[in-house]
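All remarks here apply to the structure that follows.
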Amino acid sequence: MNTIVYKNAKIYTLDAQNSTAEAMVCRDGRILAIGSEETVTAAAGADPEVIDLGGKTVIPGIIDSHTHYHWTAKAEKDLALLGKTLPEIKEIVARRAAELPEGTWIVGSGWLNALFPGGAWPDRKDLDEAAPNHPVFLIRACGNSYWANSKAFEMAGIDGNTPDPNGEILRRADGSPSGVLMGWFAQNIAKLIPLYRGEEYKDMLRRTQQAYLKYGITSISDEGAGAFTAFGTGNGKLTVETLKELYEEDSLQLRIYMNVAEIQHEYYREVLADGPRSGLYGGRFDFRGVKIWADGSQGTRTAYVLNGYKDDPSNHGKRYYDDAELVRLFREIDAAGFQTTVHAIGDAACRQIIDCYEEAFGADDTEDRRFKIVHFQLATPEDIKRFVKHHMICNTQFGQYGEDLDFADIAIGREKFLQSYDWRSILDLGGRVIGSSDSPLDSADPFEGLYVGVTRRNLAGENPLDDHPDRGALTREEALRSYTTEAAYAMFEEDVKGSLEPGKYADFAVISDDYFECPADAIKEIRVLRTVIGGKTVFEG
């Protein structure tokens, strides 16, 4: 038996009483006892390993309830375009083209047309000038829009005569593709891009795992089983098989809750036929979720909204499924024993999901499905009440609230934005909110997210649209629970993780500052000194 005593610490257990302790003892990966040093020493028995934490603060391991493991790993290899202007992007692409043989794919992510002249959508000619002989595919920061050059369009067979019933090809005046694609149609290009495989892919996943661990993240919910992007081609099966190889090599440290992307139709069918699986890879891997994308994003004006956009009133965004198809999917997924997670941002999309849920299961249904809606940003007060009634779970990204402050007044207007991201109402009605990063779309650093959650301000400490942001903020305990106890509940794993109690996994983080006592502005600066999973130190910083 491997027995380790961690002592001389301020441990926030996040048990039902949010009690604190000064020591805990772990044996064979689980917490044996927690409390005073005297109590823990007595429980430890003879000759345990003892680690003195020097009076530092300990919190339960962070659970990132919405991240894209594969995409985050891939983003490390591709061109980083966040915050870059149009001339800078052209220069970056040209530089990469000079390094690669002609015909090699150039892929990047993070561009924002808000940084381009007039905020206009880019054109493929800009990429043609930078890399005429290389296919180029660049993902917008939201993950729902894409920019490609003429070479990529040619390889995919997309031209001015290509039918586009959903209007997902942006076109020039002459009807030819401009270079920007919206939503699912981008799969026609994305599926041509070679996948990373073998040792190269394993190394990418290892490095990304280490990046999670340095933030005190001990569990993740991978949203899309290796989906290339939210609406791209999939390598879900390859990702799952590669994670198994990492486990067999004793390289898999994170606990992973996997969701297959429904848009990967063939693999989705295979996963449902196999049935839900839990506790695989030494308790490191569960596969029991399905991810569906119902609309786009606010920034691209593709989130499905009721009343149109402030700067484009006739545009109601994109609806990716009709009601009958969603009802069918909800029933199919539930009957197979899987959990459903749906991306919905616009108020119309949020309403559609709740309407279809009621059609699928009944307006009075209160069964414990732990049905999750990701983002749930613009939901109306009436729909929030229905959402809570059905015990749905809001999977939010606190950091995205801070980022939306930059453009929300233009896109949806100040009044509507003040009603968005309404975590306070959900909790006050007895609902559940879980926190996450949506990495690589945002930083995986949970302390940045926690700061935004408890202040309703961006990382610069500002909120230009709300004179009283504190009224919608969470308490520090509520925010931290969204990344721990509530997140564990959303994974059906509240009995084994989320809080530091006897019998649960010894998953925790030692941090530089006292989260509950430090000034609010200091929360976003908190560093992780040690991450422990199953009683084993997997990161020290």
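Here is how the numbers come out for the structure above:
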read-out: Relative contact order [Cα under 8 Å, 6+ residues apart], the range 70-190, whole percent; value: 21 percent
read-out: Rh (Kirkwood; distinct C-alpha pairs) - the range 393-475, Å; value: 12.9 Å
read-out: Descending principal axes extents, the range 70-190, alpha-carbon based, whole Å; value: 35, 30, 29
read-out: Full-stretch length increase - GLU494, LYS77 - with 0.36 nm per residue and alpha-carbon distance subtracted; value: 146.6 nm
read-out: Shape of the range 1-60, Cα gyration tensor, a/c cut at 1.5; value: prolate
read-out: Distance (nanometres) between label positions extended 7 Å along Cα→Cβ at HIS265 and ASP355; value: 2.5 nm
read-out: Of LYS56/LYS497; LYS151/LYS202; LYS84/LYS191; LYS237/LYS504; LYS318/LYS389; LYS90/LYS151, pairs whose Cα-Cα distance is over 23 Å; value: LYS151/LYS202; LYS84/LYS191; LYS237/LYS504; LYS318/LYS389
read-out: Highest average packing first - 83-89, 242-248, 525-531, Cβ atoms within 10 Å; value: 525-531, 242-248, 83-89
read-out: Cα→Cβ-extended label distance, 7 Å offset, between ASP274 and TRP121, nm; value: 3.8 nm
read-out: Net charge, MET204 excluded, C-beta distance under 9 Å - Lys, Arg +1, Asp, Glu -1; value: +2
read-out: By average C-beta atoms within 10 angstrom, highest first, the peptides 493-503, 95-105; value: 493-503, 95-105
read-out: For the chain, calculated [θ]222 nm from helices alone, where every DSSP H run of n ≥ 4 adds -39500 (n - 2.57); value: -9000 deg cm²/dmol
read-out: Projected-area mean, the chain, by convex hull of Cα positions, square nanometres; value: 24.5 nm²
read-out: The chain - share of DSSP beta bridges that are antiparallel (%, nearest 5); value: 45 percent
read-out: Which of CYS350, CYS356 has the fewest Cβ neighbours within 10 Å, and the rest in rising order; value: CYS356, CYS350
read-out: Spin-label model distance (nm) - ARG30 vs GLU91, 7 Å beyond Cα toward Cβ; value: 5.8 nm
read-out: Between helix 323-335 and the chain: long-axis angle, C-alpha atoms, 0 to 90°, nearest 10; value: 30 degrees
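Here, each number is a calculation from the coordinates, and none is a lab measurement. Just so we're clear, the structure is a prediction, and the values are computed from it rather than from any experiment. All Cβ positions, glycine included, derive from the backbone under ideal geometry; neighbour counts span all protein chains shown.
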